[in-house]
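The values are calculated or read from the model by the stated rules, or taken from the named source; none is laboratory data. Quantities reported herein were computed from a predicted structural model and do not represent experimental measurements. Here Cβ is always computed from backbone atoms with ideal geometry, including for glycine, and neighbour counts include all displayed protein chains. Just so you know, the surface numbers come from the protein's heavy atoms only, side chains and all, with ligands and any DNA or RNA stripped out. Shrake-Rupley method; radii C 1.70, N 1.55, O 1.52, S 1.80 Å.
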Amino acid sequence: MRFGNRVEAGRLLAEKLIAYQNHPNALVLGLPRGGVPVGFEIASMLHLPLDVFLVRKLGVPGHEELAMGAIASHGEPIFQSHIVQQLGLSLSAIEKVVSTQKMELQRRELLFRAKRAPLNLRDKVVIVVDDGLATGSTMLAALQAIKRHDPQRIIVAIPVASEDALMLVSHLADELICLMTPDNFYSVGAWYENFEQTSDDEVIYLLAKAEKYLSSKADG
């Protein structure tokens, strides 16, 4: 089985989250960029607010698709120590990657959050969404940062993940929903028919569309 695209994956996840439909204290957090289209479908079907939580993968220099760790907004970087040690990465090389990704986080903060109210996750039921987990580093960094906001409950909802990634993040989630954990995982994109990169413009559009949809529901 493969997902047609992120829209289909989000709709299938929403069916598993139906207990949270119209929940007065819940919201969906998409991890940009790929998690936002998935999160948009969940938020739309469950009639919940959609927002973003910014986090960046720390890719191995020269092999950026391989994550050696991740960093969330206003959080400390976390590392996959076995990858760092195995590749013998120097401190200067690691610091350069961290510095570059911090700048990208700042750029996305201005782009995605400049006109949005600060996140208030205290005592909220937070549904954290991405389009898939390979190493789990990005989700782990996000969850560690989200924990500091004192939410009531954290639900991680993902279409596909490796077994190792699920193990890595499971202790930080009150509930974990994953539709597929293939034995031969390979990569997140391998489990989608269409896995085109999500653009900044698409993220901005979906956030605005979700907000407009909720406003219309409230007015109606």
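Across segment 92-132, what is the total count of residues that are on the phi < 0 side of the Ramachandran plot, in a loop (DSSP other than H, G, I, E, B) and open to solvent by less than 30 Å² (accessible area, probe 1.4 Å)?
Adding up the residues that qualify gives 3.
Can H23 be described as under 14 Å from L119 (Cβ atoms) and either open to solvent by 30 Å² or more (accessible area, probe 1.4 Å) or in a loop (DSSP other than H, G, I, E, B) (or both)?
No, not satisfied.
Among the numbered criteria (1) out of contact with any strand residue (DSSP E or B) (no Cβ under 7 Å at 6 or more places or on another chain); (2) under 27 Å from F3 (Cα atoms); (3) not in a helix (DSSP H, G or I), which single criterion is violated by R56?
(1)
Quick check, is T135 of a type in the set (S, T, Y), assigned to a loop (DSSP other than H, G, I, E, B), touching a helix residue (DSSP H, G or I) at 6+ places or on another chain (Cβ under 9 Å) and farther than 18 Å from N5 by Cβ?
yes
Can you name every residue in segment 1-45 that is of a type in the set (A, V, I, L, M) and free of Cβ contacts under 8 Å to residues at least 24 places away in the same chain?
A19, the sole residue that qualifies.
Mind counting the residues in segment 1-20 that are open to solvent by 90 Å² or more (accessible area, probe 1.4 Å) and part of a loop (DSSP other than H, G, I, E, B)?
2
From the set of residues in segment 141-165 that are in contact with a Ser or Thr (Cβ under 9 Å, 6 or more places away or on another chain) and among the acidic types (D, E), which is most open to solvent (accessible area, probe 1.4 Å)?
Checking each candidate, the answer is D164.
Just wondering, is there one or more residues in segment 169-190 that are of a type in the set (S, T, N, Q), farther than 18 Å from V38 by Cα, open to solvent by 30 Å² or more (accessible area, probe 1.4 Å) and under 15 Å from the mean Cα position of the chain (by Cα)?
Yes, that holds for at least one residue.
Return a yes/no flag: does segment 68-79 have any residue that is at pLDDT 90 or above and within 19 Å of the chain's Cα centre (by Cα).
The answer is yes; a qualifying residue exists.
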